[in-house]
Amino acid sequence: MKQRTPVFVNILIIIGLLTVFYYLFVQSYQFLSSPYFWGTVVISAILAYIHSAIGDLIENNKFKKLSDEEKKAYLAEKKIPFLTRQYNAAFKKQSATEEKDILIDHGFDGIMELDNQLPKWWLGLFYFGTVFCIVYICAYSFTDFANPLKEYDAEYKEQTASVAKYLAEQPPVTIESAVFSEDNIAAGEEIFKSNCVSCHSDGGKGGIGPNLTDKFWHNQVEKTLFKNVFNIVDNGIAGTAMQAWGKNGVLTGTDIQNVAAYVYHINQEVAPITTDKGGAPAYGDEAHWEKQ
């Protein structure tokens, strides 16, 4: 007669399975505070106790039918702690006597082989993996769990909301607080392509508007190039096509800071696009900017 698993072990296994099952379908650990989860745990524990009690009655009835030697062997085995029994069943090797009892003689070829059972730890992992695979497939098929597209959408919305919250909480960028950063050049280039190329052409080489890559500037309202560009983009130039992008609400202070960084970059860090290279002729006076 085989030894039975203690009821507390069955309850722990049930709680573990319920936790995995709930997480796969709820996709968060908020269910741990849900009365439905703990109600399921309590009901399952009660059923486990009922099952154990019925098992005890059946076990006692079978025990009465055993011989004295079988009763003695059963009681001796029952004294062994549960974890020790499990370890021995999973890892302990058979003795030489036990191996002789499970030898198979092919007869016709003279080969002897052991008819060993698969290790309990291997069987346990196999059964667990099978059950988990079934539950996982059900969760993947009928819920949003592990769905990469839906997870991406959720994370994208969270990031967009966090960026919007951050920008809303930050003070607006003004000419006093604006600073040049190479990290802003790429973003400034995109803004330039969307709003400025119609007058200043690709790369700022000039067209309707002046060449932004040379040293000649018609409007020098600030001492540094970066601040000068910020001022012009923000306030515009009266009597010209250069509108007040900032004052008109078309661009934010952050946008102007980025596009000013891009213009500073193509003027100070990139070779100028001169007339012989397709650039517009020099317009204005040669500028002598202070260091940034």
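Some points to look at:
- Considering the conditions (1) among the hydrophobic types (A, V, I, L, M, F, W, C); (2) at pLDDT below 95; (3) closer than 27 Å to Asp285 by Cα; (4) part of a helix (DSSP H, G or I), Ala168 is excluded by exactly one of them, (3).
- Candidate set: the range 74-113, residues that are surrounded by 10 or more Cβ atoms within 10 Å (Cβ to Cβ) and farther than 30 Å from Leu125 by Cβ; chosen: the one modelled with the lowest pLDDT: Asp105
- The range 1-21 residues that are in the same structural domain as Ala53 (by TED's automatic domain parsing), paired with ones that are part of a loop (DSSP other than H, G, I, E, B) and of a type in the set (A, V, I, L, M) (beta carbon under 9 Å, 6 or more apart): Met1/Leu66; Gln3/Ile80
- Taking the range 19-42 as the range and being aliphatic (A, V, I, L, M) and modelled with pLDDT of 90 or more as the test, the residues that pass are Val41, Val42.
- Residue within the range 193-209 that is over 30 Å from Pro171 (Cα atoms), surrounded by fewer than 21 Cβ atoms within 10 Å (Cβ to Cβ) and in contact with a strand residue (DSSP E or B) (Cβ under 8 Å, 6 or more places away or on another chain) present: no
- Pair list, Cβ under 9 Å, 6 or more apart: the range 124-137 residue in a helix (DSSP H, G or I), other residue surrounded by fewer than 10 Cβ atoms within 10 Å (Cβ to Cβ): Phe126/Leu118
- If the condition is being free of Cβ contacts under 8 Å to residues at least 24 places away in the same chain and among the aliphatic types (A, V, I, L, M), then the range 50-79 contributes Ile50, Ala53, Ile54, Leu57, Ile58, Ala73, Leu75, Ala76.
- Close pairs (7 angstrom Cβ cut-off, 6 or more residues apart or separate chains): charged (D, E, K, R) in the range 172-193, modelled with pLDDT of 95 or more anywhere: Glu189/Tyr262
- Residues that are part of a helix (DSSP H, G or I) and within 59 Å of the chain's Cα centre (by Cα) within the range 65-79 comprise Glu70, Lys71, Lys72, Ala73, Tyr74, Leu75, Ala76, Glu77, Lys78, listed in sequence order.
The values are calculated or read from the model by the stated rules, or taken from the named source; none is laboratory data. Since this is a predicted model, take the numbers as computed values, not measurements. Cβ: placed from backbone, ideal geometry, glycine included. Neighbour counts: every protein chain shown.
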